[in-house]
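The values are calculated or read from the model by the stated rules, or taken from the named source; none is laboratory data. None of these values were measured; they are calculated from a predicted model. Positions of Cβ are generated from backbone atoms using ideal geometry, with glycine treated the same way; all protein chains shown enter the neighbour counts.
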Amino acid sequence: MIKNEKEYKFTQELVGEIDKSLASLERDEARKKNDPDGWELIRGSLQCHLDKLKAEVAEYKRLTSHNLHTPIVLKLDDINDLPQILIKARMAAKLSQQELANLAGLTEEQIKRYEDNDYENASFVDVKFVIDALGIKIQKGEFLIPLDRLIRTPITKEELLFSQTINRGQRSMNGESKKICSP
C-alpha cells in the first residue's frame, strides 16, 4: 500500500523500470526460443508485480483525489486490514499526520509510528481516537463468530499468528484475497 507522496513517486519509478524490463524480455527472441518455460516464468512474475504496483498507484490516486464533499466507502474483509482503512481514510480526507494527530489528541510522532507499523503497537484506545477523529462509521457491519470452532484453551501469540497466515492462504486460494503472482 502506498502511504505517502514519497512512496508514490518511488512506485512510479519502479513501474517504469519493470515496464522496461518487460519490453526487453519481450524482445529477447533467443531466450524465448531456448528456454520458453523460464522466459514465461520471468515474464509472468514481472507482469504480476507490475499489475500489483499499478493497482496500488491507481488506489493512491483515487484516495488522494477523492472529493471531500462525498463520503468514501472503504471495504474491510478482514479485521487485520483495519490499519489500512485508517491510513486510507486519512489520505482520502487529505489530512496530514500532524492534522490527524491534533484531531485525535495524539502526537504526530505517534501517528507516524502507528502508520509506519500498520498500527501494530497502537492501543485500542488510540485506534478508537483515530477512528473517531476520522469520523469512520460502520455500515451493515456483521461479524461471524463460529462458536462451534471456538478454541476453548489458551492460545499463544505464535499460534494466533500462524492461524492468521493459514487463513489468509485459504482466502487467497478461494479467490477471496488479492491475486498471488503466478505465471
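Observations, loosely collected:
- Output for the stretch 73-110, where each listed residue is part of a loop (DSSP other than H, G, I, E, B) and of a type in the set (Val, Ile, Thr): VAL73, THR107
- Top-ranked residue of the stretch 138-164 - restricted to ones that are under 20 Å from the mean Cα position of the chain (by Cα) and within 20 Å of GLN84 (Cβ to Cβ), ranked as modelled with the lowest pLDDT: GLN164
- Selection status of SER65, surrounded by 11 or more Cβ atoms within 10 Å (Cβ to Cβ) and hydroxyl-bearing (Ser, Thr, Tyr): no
- Unique match (being assigned by TED's automatic domain parsing to the domain that holds ALA89 and either modelled with pLDDT under 95 or within 22 Å of the chain's Cα centre (by Cα) (or both)) among ASN167, ASN102, ASN121: ASN121
- TYR119 within 22 Å of GLU5 (Cα to Cα) and either in a loop (DSSP other than H, G, I, E, B) or β-branched (Val, Ile, Thr) (or both): yes
- Among the candidates LEU103, LEU82, LEU95, LEU25, the residue that is among the aliphatic types (A, V, I, L, M), surrounded by 12 or more Cβ atoms within 10 Å (Cβ to Cβ) and farther than 17 Å from LEU134 by Cα is uniquely LEU25.
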